[in-house]
Amino acid sequence: MAEAQDVESLKRRGRRRLVGAIALVLAAVIVLPWIFDQEPRLTPPVSVRIPNEDESVFKPKPVPKPAAVPAEATKPEPKPAAAPPAPRAEGADAGPAARPATEAARAERARAQAALANEQFIVPVGAYAEPDGVIAKLKAAKIPYYTEPVATEKGTVTRVRAGPYATRDAAERAQRRIKALGFNPGSVAARS
């Protein structure tokens, strides 16, 4: 009888040791990755500007460090649903909060966000040795523009750009108008 109790006590001790070893391995699997996590912390995005072939000297623009933003301002805006809303029963009023935002409201929101970010957009029209004809067409179409002289190997050319515009949408509309004038404008870009 004593032998049966000894065997039983050995089995019990063995089970306890096995459960303890399993618990220790699980704790190590969960805790060690937290301790030895090599993932870098979040850093602000890096802005890269590639100069055109026409530019003789590249002058980088320093990027200001982002200011501390209150917690309320960091909450993302809810995104509109991709699918159209389900049909409602007759007589049910959705109310003003459930109505989709109009295109004008979205454009106004985009203008306000761009004004807060102080971001402006331009449309490159081209670089010309004699820009007078291009400028005359832009003036006639009442498209705002500005010029920049650029020194190249073949001499000085004048870079003509339409803008600046407060929103990307306004710049894209101007880009379509410039194409209608017979020019081949570049892509809409943020003004640097």
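The values are calculated or read from the model by the stated rules, or taken from the named source; none is laboratory data. Please read these numbers as outputs of a predicted model, since none were measured by experiment. Every residue, glycine as well, gets a Cβ built from its backbone with ideal geometry; the counts of neighbours run over all protein chains shown. Heads up: the accessible areas ignore ligands, DNA and RNA and are worked out on the full protein's heavy atoms, side chains in. Shrake-Rupley method; radii C 1.70, N 1.55, O 1.52, S 1.80 Å.
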_For the full complex of protein chains and a 1.4 angstrom probe, list 154, 139 by accessible area with the highest value first._
154, 139
*Using 7 Å Cα-to-Cβ label points, what is the residue 2/residue 129 separation (nm, one decimal)?*
11.6 nm
*For the stretch 142-158, in order, what is each residue's ³J(HN,Hα) by Karplus, 6.51 cos²θ - 1.76 cosθ + 1.60 with θ = phi - 60°, in whole Hz (x at glycine and Pro)?*
6, 9, x, 8, 8, 10, 9, x, 10, 7, 10, 5, 8, x, 7, 10, 10
_Cα-projected label distance for residue 141 with residue 21, points at 7 Å along beta-carbon direction, nm_ = 7.9 nm
*List every residue whose amide H lies under 5 Å from the amide H of residue 145, counting only residues 5 or more places away in sequence or on a different chain, with H placed 1.01 Å from N in the peptide plane.*
163
*Grab the Cα-Cα distance for residue 30 and residue 49, subtract it from 0.36 nm times how many residues apart they are, and report the gain in nm with one decimal.*
2.6 nm
*What is the distance, in nm, between label points placed 7 Å from the Cα along the Cα-to-Cβ direction at residue 173 and at residue 13?*
8.6 nm
*Starting from the amide H of residue 152, placed 1.01 Å from N in the peptide plane, find each other amide H under 5 Å away whose residue is 5 or more places distant or on another chain.*
157
_Between residue 151 and residue 108, what's the calculated FRET efficiency when r is the beta-carbon distance and R0 is 35 Å? Round to 0.05._
0.25
